[in-house]
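The values are calculated or read from the model by the stated rules, or taken from the named source; none is laboratory data. Being a predicted model, the structure only gives us computed values, none of them experimental. All Cβ positions, even for glycine, are placed from backbone atoms using ideal geometry, and neighbour counts span all protein chains on display. For accessibility, only protein heavy atoms count, side chains too; no ligands or nucleic acids. Shrake-Rupley method; radii C 1.70, N 1.55, O 1.52, S 1.80 Å.
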Protein chains: 2
Amino acid sequence: MEQNGSNIPVILANGDFPTHRIPLGILKNADYLVCTDGSLNALLRFKKEHLSDLSIVELEPSAVVGDGDSLSDELKEKYSHIYVEYAEQDYNDLTKATRFCIEKGYSEINYLGISGKRDDHAMANVSLLVWYLKNFKLKVKAYTDHGVFIPCCGDCTFNAQKGTQVSIFNFGAKGLKSTNLKWDIYDFDELWQGTLNEVTSDSFSIKAEGYYLVFLNY
Amino acid sequence: MEQNGSNIPVILANGDFPTHRIPLGILKNADYLVCTDGSLNALLRFKKEHLSDLSIVELEPSAVVGDGDSLSDELKEKYSHIYVEYAEQDYNDLTKATRFCIEKGYSEINYLGISGKRDDHAMANVSLLVWYLKNFKLKVKAYTDHGVFIPCCGDCTFNAQKGTQVSIFNFGAKGLKSTNLKWDIYDFDELWQGTLNEVTSDSFSIKAEGYYLVFLNY
């Protein structure tokens, strides 16, 4: 599984804080780390718990984006040089942080902390990944403690170890077909229908017209 | 928030084991508890960790349903009197347990442990709730550590404390309208669009034609 490329910004959302080595590696290696309001608090707690680990204690956000609701006045003051307030209520903190990265010129983003905690937020965040690809043409991946979500459009090929568990969620694509998956995919109507599949070689391919979301289990 | 009525079976799935008092209360008060393969292991671990709490140590499943993949031979032997094997691969353990309850004559089910752990399983389980209502005419609720998922069809009214956070996920409904929600709902296209709403009175109503899913945060 690839680690974070140095030129890809990382957005830390306020779901479950990463504990698996893959998302943690991406967090530690982030050259440009954007926290939402809530995740700044989580990052600071995490740093306090790992005072003996330099690679963690030296972690600092490059920007903090949100509406300020979850930040103490002390933290707002301390991080005022990198704090960016988006007061509007139409979008959640994940989208505010995403728009901030787009305004900075990034076309690719790695996400952490999108799931866990409130189940409705997690579902919203997952569906937002597809929306970011569709509307912002952003290349995104979201790494959780269990696997990586990759929103896709059209034909895609993935490198993956044989036996990797994979799920495909259809977000309106037609003509879904697969190569090197244990069960051939089709035009799923339901979110659950494309789950629990498995890679049968060292790569697999999906052919489709439109948008879908791949989840690769670590 | 209501506790589990004694005549409603409880299915414990193998996501995060409940820790919040509401799902834990439902687990402890279950008169008819169905475990999946994996969740039986989790239940037995939980009992070991709470040897001083009689209400937990005396918890016993009424049935264990699955394909046997996750059960040791010792446990299969110990629970052979209540073990029901569904070998077919087309449906996951949640659906196997659900079909078992339907065959027992139940028309209502409370679910626990549907989220947490593998994110793709959680998404599948959430979408299955709507599918159970649509295809089996089952009245279901799924209690997580954060709130309750309630799949709905048509017009529904919910009792809820003013200020309760609520999310509505559209599963194909048309003509979505709300009363006593902070932001009026509409025919959402995306899963994230109906999230982060709030109840403005001691009840709220939704009018719709078709299926949608309500999440009420505790």
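Report whether or not residue A:139 is of a type in the set (D, E, K, R), under 14 Å from the mean Cα position of the chain (by Cα) and more than 13 Å from every other protein chain (Cβ to nearest Cβ).
Yes, satisfied.
(1) free of Cβ contacts under 8 Å to residues at least 60 places away in the same chain; (2) open to solvent by less than 60 Å² (accessible area, probe 1.4 Å); (3) aromatic (Phe, Trp, Tyr); (4) more than 7 Å from chain A (Cβ to nearest Cβ): which one isn't true of residue B:100, the others all being true?
(1)
Does any residue of the range A:80-89 turn out to be of a type in the set (Asp, Glu), closer than 18 Å to residue B:196 by Cα, more than 10 Å from chain B (Cβ to nearest Cβ) and open to solvent by 20 Å² or more (accessible area, probe 1.4 Å)?
yes
Filter the range A:103-118 down to the residues that are touching a strand residue (DSSP E or B) at 6+ places or on another chain (Cβ under 9 Å), of a type in the set (Gly, Ala, Ser) and within 28 Å of residue B:166 (Cβ to Cβ), then identify the one that is farthest from the other protein chains (Cβ to nearest Cβ).
Looking at the filtered set, the residue picked out is A:113.
Please count how many residues of the range B:141-173 are of a type outside the set (A, V, I, L, M), touching a residue at least 60 places away in the same chain (Cβ under 8 Å) and under 23 Å from residue B:107 (Cα atoms). Can you show your working first?
First, pick out the residues of the range B:141-173 that are of a type outside the set (A, V, I, L, M): B:141, B:143-147, B:149, B:151-159, B:161-165, B:167, B:169-172.
From what is left, the residues that are touching a residue at least 60 places away in the same chain (Cβ under 8 Å) are B:143-147, B:149, B:151-152.
Narrowing further to those that are under 23 Å from residue B:107 (Cα atoms): B:143-144, B:147, B:149, B:151-152.
Counting residues in the range B:141-173 that are of a type outside the set (A, V, I, L, M), touching a residue at least 60 places away in the same chain (Cβ under 8 Å) and under 23 Å from residue B:107 (Cα atoms) gives 6.
For the range A:150-187, give me each residue that is within 14 Å of chain B (Cβ to nearest Cβ) and not hydrophobic (A, V, I, L, M, F, W, C).
Those that are within 14 Å of chain B (Cβ to nearest Cβ) and not hydrophobic (A, V, I, L, M, F, W, C): A:151, A:164, A:165, A:167, A:170, A:172, A:182, A:184, A:186.
Which one of B:8, B:26 is modelled with pLDDT of 95 or more and part of a loop (DSSP other than H, G, I, E, B)?
On the way: B:26 fails: part of a loop (DSSP other than H, G, I, E, B).
Answer to the check: B:8.
Confirm whether residue B:121 is within 14 Å of chain A (Cβ to nearest Cβ) and out of contact with any His (no Cβ under 8 Å at 6 or more places or on another chain).
yes
Being on the phi > 0 side of the Ramachandran plot, buried (at least 24 other Cβ atoms within 10 Å of the Cβ) and touching a strand residue (DSSP E or B) at 6+ places or on another chain (Cβ under 6 Å): is that true of residue A:68 here?
No: the conditions fail for residue A:68.
Step by step: first the residues of the range A:188-212, then only those that are part of a loop (DSSP other than H, G, I, E, B) and under 22 Å from the mean Cα position of the chain (by Cα), then the one that is farthest from the other protein chains (Cβ to nearest Cβ). Which residue is that?
We begin by selecting, within the range A:188-212, every residue part of a loop (DSSP other than H, G, I, E, B); these are A:188-196, A:200-202, A:210.
Filter again for under 22 Å from the mean Cα position of the chain (by Cα), leaving A:191-192, A:194-196, A:210.
Values: A:191: 4, A:192: 4, A:194: 9, A:195: 4, A:196: 6, A:210: 14 Å.
The selected residue is A:210.
Name the residue, out of B:86, B:91, B:79, B:111, that is within 15 Å of the chain's Cα centre (by Cα) and outside the structural domain of residue B:170 (by TED's automatic domain parsing).
Only one candidate passes the filter, namely B:111.
Return yes when residue B:155 is acidic (Asp, Glu) and crowded, with 21+ Cβ neighbours inside 10 Å and no when it is not.
On the way: acidic (Asp, Glu): yes; crowded, with 21+ Cβ neighbours inside 10 Å: no.
Answer is no for this residue.
Checking the conditions here, which among A:52, A:39 is under 21 Å from the mean Cα position of the chain (by Cα) and either open to solvent by less than 10 Å² (accessible area, probe 1.4 Å) or not aromatic (Phe, Trp, Tyr) (or both)?
On the way: A:52 fails: under 21 Å from the mean Cα position of the chain (by Cα).
Result: A:39 is the single residue among A:52, A:39 that is under 21 Å from the mean Cα position of the chain (by Cα) and either open to solvent by less than 10 Å² (accessible area, probe 1.4 Å) or not aromatic (Phe, Trp, Tyr) (or both).
Please indicate, with yes or no, whether at least one residue in the range A:15-22 is hydrophobic (A, V, I, L, M, F, W, C), under 19 Å from residue A:125 (Cα atoms) and in a helix (DSSP H, G or I).
No - not one qualifying residue is present in the range A:15-22.
Inside the range A:46-82, can you point out the residues that are part of a loop (DSSP other than H, G, I, E, B) and in contact (Cβ under 8 Å) with a residue 24 or more places away in the chain?
Of everything in the range A:46-82, those that are part of a loop (DSSP other than H, G, I, E, B) and in contact (Cβ under 8 Å) with a residue 24 or more places away in the chain turn out to be A:59, A:60, A:61, A:62, A:67, A:68, A:69, A:70, A:71, A:79.
Just one of the numbered conditions (1) in contact with a Gly (Cβ under 7 Å, 6 or more places away or on another chain); (2) part of a helix (DSSP H, G or I); (3) among the polar types (S, T, N, Q) is not true of residue A:135; which one?
The number of the failed condition is (1).
Being among the aliphatic types (A, V, I, L, M) and within 12 Å of chain A (Cβ to nearest Cβ) is the filter here; which residues of the range B:124-136 pass it?
Pass one, the range B:124-136, residues among the aliphatic types (A, V, I, L, M): B:124, B:126, B:128-130, B:133.
Hits for the range B:124-136 are B:124, B:126, B:128, B:129, B:130.
Against the definition (out of contact with any helix residue (DSSP H, G or I) (no Cβ under 6 Å at 6 or more places or on another chain) and surrounded by 24 or more Cβ atoms within 10 Å (Cβ to Cβ)), how does residue A:148 come out, yes or no?
no
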